[in-house]
Structure formats: structure tokens, C-alpha cells
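For reference, the structure discussed in these notes is given below.
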Amino acid sequence: MSETPLPAAVGPQDGAAPPLLEIADVTMRFGGIVALDAVTFSVGKGRIVGLIGPNGAGKTTLFNCLSRLYQPAHGDIRLNGGSLRRCAASDIAGLGIGRTFQSPALFASMSVLDNVKVGAHARGRNGPLTDALTLPSSRREEREVDQAARAMLAFIGLEDAASRPAASLTLAARKRVELARALAARPLLLLLDEPAGGLNHQEVAALGVLIRSIRDQLGITVLLVEHHIGLVMSLSDQVVVLNFGRVIADGPPERIRRDPAVAEAYLGTRH
Amino acid sequence: MEKSVIGATFDAPAVDRYPAPNAGTQRWIAALGLIALAVVLPFVVSKYHVFELTMVMIYAIAVLGLNILAGYNGQISLGHGGFFAAGAYTAAILMHRYGVPYWATLPPAALICFALGVLFGLPALRFEGPYLALVTLALALATPQLLKYFDNWTGGQQGINLTKPLPPHWLVIDRDRWLYLIVLAALLLAMRIAANLLHGRTGRALVAIRDHPIAAAALGIDTARYKTLAFGTSTLFMGVAGALAAIVIGYVSPEGYNLFLSLSFLVGSAVGGIATIGGAIIGGLFIEFVPNLANDISDAAPWAIYGLAMLLFMYTMPQGVVGSLGPWITRSMRQIRAQRAAFAGGDEEHDGKGRTS
């Protein structure tokens, strides 16, 4: 895998510009189990940040806190300095956080194109009344949504599948449609939950290219949960390692690779 | 080069391109033909059949309303007869007590039923699937008793008799055919509004909530708001249908709005195609004609025949008549078009426009 240097990624993480996403002291408990224990890290604007850790480390739990599906017991999550504590789950997309799910959560009965159009919901203004009467303004918005959705499908390379039922696609294609759907909201930050899960070698390579172009061409910051270490290391500007709900390492991939604590978490202690 | 890598992972063949440019025009011509047929129909059938067809269209509006909630949004209601009754009594009370002209009772019936639906939809947010069905079942069971209880408004057991409205004097048709045309106009308007609503941002949100509520919320859809809205819109259609039924029948009484009516709407919805707009008409036909047909076949066990008819429909067309036949017709049309295109491509001398077959 070629590691071409990316101009947007260079420069120290704590530069002059404030980070896009700050996760500060987030703690989440399920009954007696501490799923997240004072998790703190931040994601700079325009970066690809990998979030790794063994199974059960709390990666998806953290994503669900970011999506406001879970309410953390302590701590705060800030996007562009604004706290998300008081937001509903449905406010998050409008604020600029898009996400994909571990197993693609497409709307199975809809066409591929309609799935992507739902992605543009947060940016739309049409209400039930303007829809019912089909005012000129709502027609215009529909046209724009249609164009944007087709452009997103072209971006992920699936424009030919626009009118196919979403349920009929392969896993790799469904994952791509889910990406296009998240991108249709024009997010500032994209959360990807194991995008490479279940993909073959060739598909993973193509996914890496796509994620990089999401950042480079669309200027979207990416937070990536992934088990495919090769992919994470080749894409990320910064890698955060979780183990048992705690951040055990946070830094550029070269440093994470050499970190003894990370090796221990993955391979166990040497006796 | 990067682009080609992206494209390479999509291995499934792309069978479906965008529809042919003239498909929209063809659909419009088909729709206008059907509307013309519906306008002519009452003048070629007997007066009793005119009444029956009017009731078919009223039931179609009701089924359409239920489809918005149950089909598109996935909330099953067994109690929509209650909202149909609310619409019917709103019209009856306004006409009988306050002398409101029949046509002016439709907007208040719609608004009152919308408000009732929103009020009922708010607690319904806490119930999913079968639990919501049970809660709404209670509404269906209570409706006739509630109507009897408020007897100084509803006329109790006796109900309310209404005088059937007359057509405007410059129009030389009888009142049944006049009512047929009014109900036809209401049905067409209802179908148009439903189609507009369901094919836009709102409709996509409703289906998204049905298919995957968590993903819908993550994309910014306020699920509680849209589910309540679906309830209110659905009961608005019910209210209009109920008011039209009161006007057309000229009579309302508590026993007409029992549990069976609520169940009929759901049966009509399932038979016609639960998440379709055109299926509502099939549903209306089923509700109006199948009980009578069953009675004609066997007056000893009509409901066994009714059940058999339901089984037959659901077994042969599990997606409902429109839901099952619609995709089949679209596929056949596409094949015909492809064959025609291949045929036209074969001899290049002709432009292929003037062909008829």
C-alpha cells in the first residue's frame, strides 16, 4: 500500500485552529459495566482519525454517544466548540455529523437513489404542507436533492444502480450506498463504523481510495472505527487506541505501531 | 485511475436505467383515460350501482388514509373506524343541528379528525407493532359505545337522519349521480395530495422510519414528529371519507361504526397493496363488493367465503393487487420497449416513431 504524503494532513494536531470534534472525559456505564472510562481525545479539521481497539473496547459505544443514541454519564462532546449534550439524535445530522453503521442500515424497500435522497433530509426544508401542494419551491428543492443524490452516487461509482432496490445489492455496494447517503447531508465530520468489515482484499483497497477522496475532494473530516489495521494505518493522520473503555494511546500511526501498550492490548503481555 | 478502482468493486450488473422519456406522458394519458371512464360510468349503470360505486370511492379514500399510516409508516391501526365515525358525525351534526351546507362540512371534519389523530398519535408513539394494534383495537371497540354515550349530540341509538343534498338546479342529473361526481372529485384530490406527499421529502422520511428508525434518526429525521404527522394525515383522510359517507348514505348510527368497519379498512389496505396509492381503489372494491358476493355464494356461511377470498388474495398476491401486479406490469412494459428498440435498431431506414406495434 502506498503511503503518499497528504498536504492537508501535515502540521501538528494542536495547531492554531481549534479541533472540529472534542471528546472530553466521556464515561458510559451499562449497569455495572464501564463501557467508556473518561475517554478524551480530539479530532482536527480535515483529518482522518482512526479509532482502533480489541473487540469490546468501546468503539461503537463511543460512536453511539456521538450520534446521541446513548447519553453518557459524564463528560462532554463538542463539535466546533458547541456541546452536543442537549441535542436529540435527530439533530446530529443537521449539525454536521454523518455516520454509517457496522452492518449497512439501508432502507431496504427503497431504491438506491431514494436512500441517498433521505441522506439529504437534514438539509431540506420541504414540509408536509409544501410537499402535499407541491409548491414551486418544493419542486425546486426536489430537483436539487435529485441532482445532489445522483452526484453522490457518481462519486461512489454506483450511478448505474440508481433505480435498483437497495436490498438487491452486494454487501460492498450497500456499504458504498450508505456512504453516499451519509455524504448527501454534506457533513463536516463523517463517522465510519467498520467500513471494511466483510469486504475482500480488492474491495478494501478501493474503500481506502474512496475514504481518502472523501477527505481530499469533499473536505470532510473522517473518524474511522476499523479492525483492518493495515487500512487504518495507511489512511489515518492520527490513531486513537481504546482498550476496556480507556484511551491507551493517541498519536500518529508510526508512533502507535511502536507503542508497547498497544502491542500488549492486542497480543497480551509477554511472560 | 482511482476512479476505475472505485468502479471495479461493483460487480452486480446494472439492469435498470432511468425510465424512458415518454413513460411520464404515457402515464398521464392512461390516468386521463381512467378519469374519463370514471366520469362516464355513472351514466351507463343503474342507480343502485351508482350508489355502490360511490361507496367504493369513499372506502378508497379511507383505505388511502390507512395506507399512509400502516403502509408507508409501518404503524398498524385496528381502530381507524373510530376516526371514520368522527368524520361522519362531524358532518351529520353540522348539517342537522347547524344547517351547514353539506360541502362545507368536509373541511371541519378533516381538521377535527386531524387533531384527534395527532392527539391519539402522541401516546401511540410509545407503542410499536402489535402493541399499537392492541391499543387501537380498544378504540374500535369503544367507538359505538362512545357514540351512544354522548346521545344529546349524536342522537344515541337512533342516530341522525340527514336529507340528501340536491345537485345545483342548472345541472340536469339526479342526486345520486351528483354525489358520485363529488366523491370522485374528492377521491382524485385525495390521491393527488397523497402522491405529492408520499413522493417528496415527507414520504421518504415516513418510509425511512418504517424501514430503519435508528438510521432515519441518524440522518436527521425527527421520528416522533413524523410518526405523529402520519397519524394525523391518515385520520384526516378518514374524517373526509366518514363525512362523505354520512352525506351519501344520509344517515349515521352507532352500529355502523363497529370493529368490523375498522378491520375492513385494514383488509382493504392489505388486499389492494398496503404501501401503494392505487391499491386503495382495489381495497374499496373489496370492502364494498366481497361481503355481498360472499352472501350470494352462500347465505349460510358468507364470512367463511369472505375469509376464503381474503386467503386467496393474500396467497396469490402477498403484496396486494397493486403491490404485486404493479412491478410485473412495469417489467413487462420495459421488455416490450426493449424489444421494440431492438426491432427499430434492426432496420435503420425507419425512424421508429410511426410504429404502432
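The values are calculated or read from the model by the stated rules, or taken from the named source; none is laboratory data. Not measured: the values here are computed from a predicted model. As a convention, Cβ positions derive from the backbone with ideal geometry for all residues, glycine included, and neighbour counts pool all protein chains shown.
Just to verify a result, which residue in the range A:50-61, among those that are among the aliphatic types (A, V, I, L, M) and crowded, with 24+ Cβ neighbours inside 10 Å, is nearest to A:Gly98 (Cα to Cα)?
Going through the range A:50-61, the residues among the aliphatic types (A, V, I, L, M) turn out to be A:51-52, A:57.
Then keep just the ones that are crowded, with 24+ Cβ neighbours inside 10 Å; that gives A:51-52.
Details: A:Leu51: 16, A:Ile52: 19 Å.
Ranking the candidates gives A:Leu51 first.
Would you check if B:Ala60 is surrounded by 21 or more Cβ atoms within 10 Å (Cβ to Cβ), among the aliphatic types (A, V, I, L, M) and either touching a Ser or Thr at 6+ places or on another chain (Cβ under 7 Å) or more than 20 Å from B:Ile193 (Cβ to Cβ) (or both)?
no
Among the listed residues B:Val45, B:Val15, B:Val5, B:Val50, which satisfies the condition of being of a type in the set (A, V, I, L, M, F, W, C), modelled with pLDDT of 95 or more and surrounded by 11 or more Cβ atoms within 10 Å (Cβ to Cβ)? Steps first, please.
Numbers: B:Val45 fails: modelled with pLDDT of 95 or more; B:Val15 fails: modelled with pLDDT of 95 or more; B:Val5 fails: modelled with pLDDT of 95 or more.
Going through B:Val45, B:Val15, B:Val5, B:Val50 in turn, the sole match is B:Val50.
Pairs, please: C-beta under 8 Å, at least 6 apart or cross-chain, first residue surrounded by fewer than 14 Cβ atoms within 10 Å (Cβ to Cβ) and in the range B:154-174, second assigned to a loop (DSSP other than H, G, I, E, B) and among the small types (Gly, Ala, Ser)?
Hits for this filter: B:Gln157/B:Ser253; B:Gln158/B:Ser253; B:Asn161/B:Gly250; B:Thr163/B:Gly250.
Which of the residues that make up the range A:62-79 are closer than 28 Å to A:Gly219 by Cβ, crowded, with 17+ Cβ neighbours inside 10 Å, in contact with a strand residue (DSSP E or B) (Cβ under 7 Å, 6 or more places away or on another chain) and of a type outside the set (Gly, Ala, Ser)?
Answer for the range A:62-79, where residues must be closer than 28 Å to A:Gly219 by Cβ, crowded, with 17+ Cβ neighbours inside 10 Å, in contact with a strand residue (DSSP E or B) (Cβ under 7 Å, 6 or more places away or on another chain) and of a type outside the set (Gly, Ala, Ser): A:Leu62, A:Phe63, A:Cys65, A:Leu66, A:Ile77, A:Arg78, A:Leu79.
Could you give every pair whose Cβ atoms fall below 7 Å, whose first residue belongs to the range A:248-269 and is over 20 Å from A:Leu36 (Cβ atoms), and whose second residue is part of a helix (DSSP H, G or I), counting only separations of at least 6 or pairs across chains?
What qualifies is A:Pro253/A:Met233; A:Arg257/A:Met233.
Could you list, in sequence order, all residues of the range B:179-219 that are without any contact (Cβ under 8 Å) to a residue 60 or more places away in the chain, more than 23 Å from B:Gly129 (Cα to Cα) and facing chain A (nearest Cβ under 7 Å)?
Scanning the range B:179-219 gives B:Ile193, B:Asn196, B:Gly200, B:Arg201.
Can you tell me which residues in the range B:220-248 are farther than 19 Å from B:Arg126 by Cβ and within 12 Å of chain A (Cβ to nearest Cβ)?
Hits for the range B:220-248 are B:Gly220, B:Thr233, B:Leu236, B:Phe237.
Quick one: is A:Leu95 more than 18 Å from B:Pro213 (Cα to Cα) and either surrounded by fewer than 23 Cβ atoms within 10 Å (Cβ to Cβ) or under 18 Å from the mean Cα position of the chain (by Cα) (or both)?
Answer is yes for this residue.
Of the numbered conditions (1) at the interface with chain B (Cβ under 9 Å from one of its Cβ atoms); (2) more than 21 Å from the chain's Cα centre (by Cα), A:Leu207 satisfies every one except a single condition; which is it?
Looking at each condition in turn, A:Leu207 falls short on (2).
Residues of the range A:157-178 being part of a helix (DSSP H, G or I), touching a Leu at 6+ places or on another chain (Cβ under 8 Å) and at the interface with chain B (Cβ under 8 Å from one of its Cβ atoms), which ones?
Listed by number, the residues that qualify are A:Ala161, A:Ala172, A:Ala173, A:Arg176.
Quick one: which strands (runs of 3 or more DSSP E) sit completely within the range A:179-271 and have at least 1 residues that are of a type in the set (Ser, Thr, Tyr)?
Correct list: A:221-225.
Yes or no, residue by residue, for (1) part of a strand (DSSP E or B); (2) under 15 Å from A:Leu189 (Cα atoms); (3) within 14 Å of another protein chain (Cβ to nearest Cβ):
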{"site": "A:Ser42", "(1), (2), (3)": "yes, yes, no"}
{"site": "A:Lys45", "(1), (2), (3)": "no, yes, no"}
{"site": "A:Val49", "(1), (2), (3)": "yes, yes, no"}
{"site": "A:Cys65", "(1), (2), (3)": "no, yes, yes"}
{"site": "A:Tyr70", "(1), (2), (3)": "no, no, yes"}
{"site": "A:Asp76", "(1), (2), (3)": "yes, no, no"}
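Would you mind finding the one in B:Ala230, B:Ala246, B:Ala194 that is more than 16 Å from A:Gly127 (Cα to Cα), small (Gly, Ala, Ser) and touching a Leu at 6+ places or on another chain (Cβ under 8 Å)?
B:Ala246 is the lone residue from the list that is more than 16 Å from A:Gly127 (Cα to Cα), small (Gly, Ala, Ser) and touching a Leu at 6+ places or on another chain (Cβ under 8 Å).
When you scan the range A:205-222, do you find a residue that is under 19 Å from A:Thr40 (Cα atoms), crowded, with 19+ Cβ neighbours inside 10 Å and in contact (Cβ under 8 Å) with a residue 60 or more places away in the chain, even just one?
Taking every residue of the range A:205-222 in turn, at least one turns out to be under 19 Å from A:Thr40 (Cα atoms), crowded, with 19+ Cβ neighbours inside 10 Å and in contact (Cβ under 8 Å) with a residue 60 or more places away in the chain.
Is at least one residue of the range A:230-242 over 22 Å from A:Ile92 (Cα atoms), surrounded by 23 or more Cβ atoms within 10 Å (Cβ to Cβ) and not hydrophobic (A, V, I, L, M, F, W, C)?
yes
Which residues, counting only those in the range A:88-126, are assigned to a loop (DSSP other than H, G, I, E, B) and at the interface with chain B (Cβ under 7 Å from one of its Cβ atoms)?
If the condition is that a residue be assigned to a loop (DSSP other than H, G, I, E, B) and at the interface with chain B (Cβ under 7 Å from one of its Cβ atoms), then A:Phe101, A:Ala105, A:Phe107, A:Ala108, A:Ser109, A:Met110, A:Gly124, A:Asn126 are the ones that fit.
From the set of residues in the range A:127-152 that are of a type in the set (Gly, Ala, Ser), surrounded by fewer than 17 Cβ atoms within 10 Å (Cβ to Cβ) and more than 15 Å from A:Ala184 (Cα to Cα), which is farthest from the other protein chains (Cβ to nearest Cβ)?
Residue satisfying both the conditions and the ranking: A:Ser137.
Go through the range A:170-187 residue by residue and tally those that are without any contact (Cβ under 8 Å) to a residue 60 or more places away in the chain and over 26 Å from A:Leu20 (Cα atoms).
Keep residues of the range A:170-187 that are without any contact (Cβ under 8 Å) to a residue 60 or more places away in the chain, which gives A:170, A:172-173, A:176.
Going one step further and asking which of them are over 26 Å from A:Leu20 (Cα atoms), we end up with A:170, A:172-173.
Result for the range A:170-187: 3.
Are any residues in the range B:203-239 of a type in the set (Ser, Thr, Tyr) and touching a Gly at 6+ places or on another chain (Cβ under 9 Å), and if so, which ones? Let's see the steps before the verdict.
Let us first name the residues in the range B:203-239 that are of a type in the set (Ser, Thr, Tyr), namely B:223, B:226, B:228, B:233-235.
Passing the criteria: B:Thr228, B:Thr233, B:Ser234, B:Thr235.
Name the residue, out of B:Val100, B:Val135, that is of a type in the set (Val, Ile, Thr), part of a helix (DSSP H, G or I) and surrounded by 14 or more Cβ atoms within 10 Å (Cβ to Cβ).
B:Val135 is the lone residue from the list that is of a type in the set (Val, Ile, Thr), part of a helix (DSSP H, G or I) and surrounded by 14 or more Cβ atoms within 10 Å (Cβ to Cβ).
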